[in-house]
């Protein structure tokens, strides 16, 4: 059964170019090691009317987004959780991810406000 890693983060607008470059490199590395799909999505409609009077937490609230930040939803699709674990291990050991050029560089977003988790696919159509 397919497995998905999901992330939601807030990226300062001034860091979007750096984040985009990092995401493109990440997509290449994850796909190289066997991820089925890789998505990085920028929030566009983050305060929609919820149907039937429902209420809930919005993504910007979840990551404590500031007015000058974009909310990013990212997800990577794998064949299975075992595949995810194997691929993530290879990704973390990939030379591109351990390039000395990145040593000591600050991430373009606040890791403390990142939501992350692994999900088993419940319904696929």
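Would you kindly calculate the mean projected area, averaged across all directions, of the convex hull enclosing the Cα atoms of segment 56-118, in square nanometres?
Values: hull surface 24.5 nm².
Mean projected area for segment 56-118: 6.1 nm², to one decimal.
Can you pull the semi-axes for segment 1-40, root of five times each eigenvalue of the Cα gyration tensor, sorted largest first, whole Å?
Equivalent-ellipsoid dimensions as semi-axes: 22, 13, 5 Å.
Report, in whole Å, the centroid distance computed from the Cα atoms of segment 1-59 and segment 105-122.
9
For n ≥ 4 DSSP H runs only, could you compute -39500 (n - 2.57) per run for the chain, divide by its residues and tell me the 222 nm figure to the nearest 500?
On the way: 3 runs with 34 residues, N = 125.
Calculated from helices alone, the mean residue ellipticity at 222 nm is -8500 deg cm²/dmol.
What Kirkwood hydrodynamic radius do you get for the chain when you take the inverse of the mean 1/r over all pairs of distinct Cα atoms, in Å?
Values: mean 1/r = 0.0626 Å⁻¹.
The Cα-based Kirkwood calculation yields 16.0 Å.
Explain nothing, just the number: relative contact order of the chain, from Cα pairs under 8 Å at least 6 residues apart, as a whole percent.
Dividing the mean separation by the residue count of the chain yields 51 percent.
Could you sort 105-114, 15-24 so that the peptide with the highest average Cβ count within 10 Å comes first and the rest follow in order?
15-24, 105-114
Here, each number is a calculation from the coordinates, and none is a lab measurement. Nothing here was measured: the structure is a model prediction, and the numbers come from that model. Glycine gets a Cβ as well: all are built from the backbone with ideal geometry, and neighbour counts include every protein chain shown.
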